[in-house]
Structure formats: C-alpha cells, structure tokens
1. Enumerate by residue number the chymotrypsin sites (Phe, Trp or Tyr not before Pro) in the range 128-233 meeting two conditions: DSSP loop (anything except H, G, I, E, B), and at most 12 other Cβ atoms within 10 Å of the site's Cβ.
2. Any chance you could run the full-extension gain for Glu54 through Glu70? It's 0.36 nm times the residue separation minus the Cα-Cα distance, nm to one decimal.
3. Suppose each label sits 7 Å from its Cα in the direction of the beta carbon; what would the His83-Ser238 distance come out to in nanometres?
4. Taking the Cα centre of each part, how many Å lie between the range 177-202 and the range 77-107?
5. Looking at the range 1-118, how many pairs of lysines come closer than 23 Å at the Cα, when each pair is eight or more places apart or spans two chains?
6. May I ask which residue of Ile24, His12, Cys34 lies farthest towards the positive end of the charge dipole of the range 1-46, with charges of +1 (Lys, Arg) and -1 (Asp, Glu) on Cβ and the Cα centre as origin?
7. Could you tell me the convex hull volume per residue, in Å³, taken over the Cα atoms of the chain?
8. For the range 29-85, which trypsin sites (Lys or Arg not before Pro) are in a loop by DSSP, counting at most 13 other Cβ atoms within 10 Å?
Amino acid sequence: MENRELKISIAHLYPELLNLYGDIGNIITLKKRCEWRGIEVEFEEIHSGDTIKEHDIYFIGGGQDKQQEEVADELFKNKWFLHKERDCGAVFLGICGGYQLFGHYYQPHDKEKLKGISLMDAYTIAGDTRFIGNVTAKTDFLTPDTLVGFENHSGLTYLQGETKPLAKVTTGNGNNGQDKTEGARYKNVFGTYLHGSFLPKNPHFTDYLIELALEKRYGEKIPLKLLDDKLEMTTHNSLINKPY
Ligand code: GLN
C-alpha cells in the first residue's frame, strides 16, 4: 500500500445539530488515522438543506430529542440516496441519537414519533430511565474484542431481522438494558450508544471502518500499516469493565 496514492472521502452529517459529548472526536480520529498512513482525506460537512453527495464514510453524532427532530426531517429527504449508498458498501457510523435515526423510528416521551431512514431493521422507544455511565462490550470480529465508551440515553433500541448487535454488553446497559446487546450492524452500517468520544479509545474499530471504506472505494482489501497505539490502548484498557 506504501506506494499507492490512496484516498477516502468522509461526510459529517449535521454537526451543528448532532455533536453531543465531543462526538467530533470520531471525525478527528478517522482523519488522523488516515493521514498518519498517507491516505488522503476528502472531508465535507453536511448541514440542513444541503444535498448529500457520494462519500466512502458517513458519520453522524448524538444529540437531544429536539435536535433529532430537525435532523430526522433532513435525513428523510435523503433516505433513498442513503439506501443506495448503503447497498454500494458505503460505511456509516451513527452515535446514539444519530444511530436511533438509522432505524425505522424513534418514539420520544410525549412527542410525535420521529421517522428514521430504515438503514437498519431497528426501532427505538424512549424509556423511563436515563442510562448514564461507562460501557464495555465484546465483539466477535475485532482483536482485541472489546469496545469501550460512555452512554447517556433514555432511548431503548431493539434490533430485528438481519440487523445484528455490534457487541455484547459486559458492563453498562447498551441498546436497552435488557437483551445485553450494544449497537448494531447491517451491511457496513454501524450504530452505537458509545460516546466519549468513541473512536479515539477504540483505534482497532476505527481501522476496521477505514479498511471497509478502502475496500468499497478500490474493490479490494487493502491492509493498513500498523500504528503505535500504545497511548490509545492504554486508555482503552483502563476503561474495560470500569464501573459506572
Ligand atoms: N435523545 C436520545 C436519547 O435520549 C439520544 C441521546 C444522545 O444522543 N446522547 O435517547
């Protein structure tokens, strides 16, 4: 890969509305882990009213119910384009409120149901408890297999059909505090409740997303050069099964 000019395009969806708890850190991590390997990054922020263009990675952060209302309308206008992008292998990462809108709907407390874009077969209903605290969850596809982060949501997300959990909760609540699932995956669409922000503390998952995006763009698996992740993994390991 060293002697190839590689490029990845990344879109940050509605950062002015969904960017809770420093979710911008996920964009910074994606950009840096590409640049440290000499992979050129084309980056675009998508704001309300913008037409969404083709990208390799789409990122959307979390936010309060109010901001989710505006974003839900904007996303719905682009629903079929985003379905086409999903089916072409584009990588999506949604955090919490953004994740909830990847499903069929989010039903807040005492408010109208927010339409999701059904990128995944899932739905969310506001619960009576706000889940706040550290989460550790185990995947069946990463090495190491752990993901760590911080949750703060009242939404309870339930997965259906071919949409599978991202990971199994070992500490914390995850999707709904009942079925021990955290996050979701369908094709290259990923959702998670983990803020913190999420990717800086999970460099191995960041690289997994970058490799998927390169495979989508170049049509072949391109293994990434290893980076010195001592600092990142020391942080990651310090959070494993950290109580609330
Ligand atoms: N408003 C949603 C909830 O409370 C999402 C919150 C968030 O993005 N942290 O579940």
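1. Phe141
2. Length gained between Glu54 and Glu70: 3.6 nm.
3. With each label placed 7 Å out from Cα toward Cβ, I get 4.6 nm.
4. So the separation of the two Cα centres works out to 14 Å.
5. 22
6. Cys34
7. Per-residue hull volume (Cα only) is 109 Å³.
8. Listed in order of number, the matching sites are Lys53.
Readers should treat all values here as calculations from the given coordinates under stated rules, not as data from a laboratory. This one's a predicted model, so the numbers in the text were calculated from it and none came from an experiment. All Cβ positions, glycine included, derive from the backbone under ideal geometry; neighbour counts span all protein chains shown.
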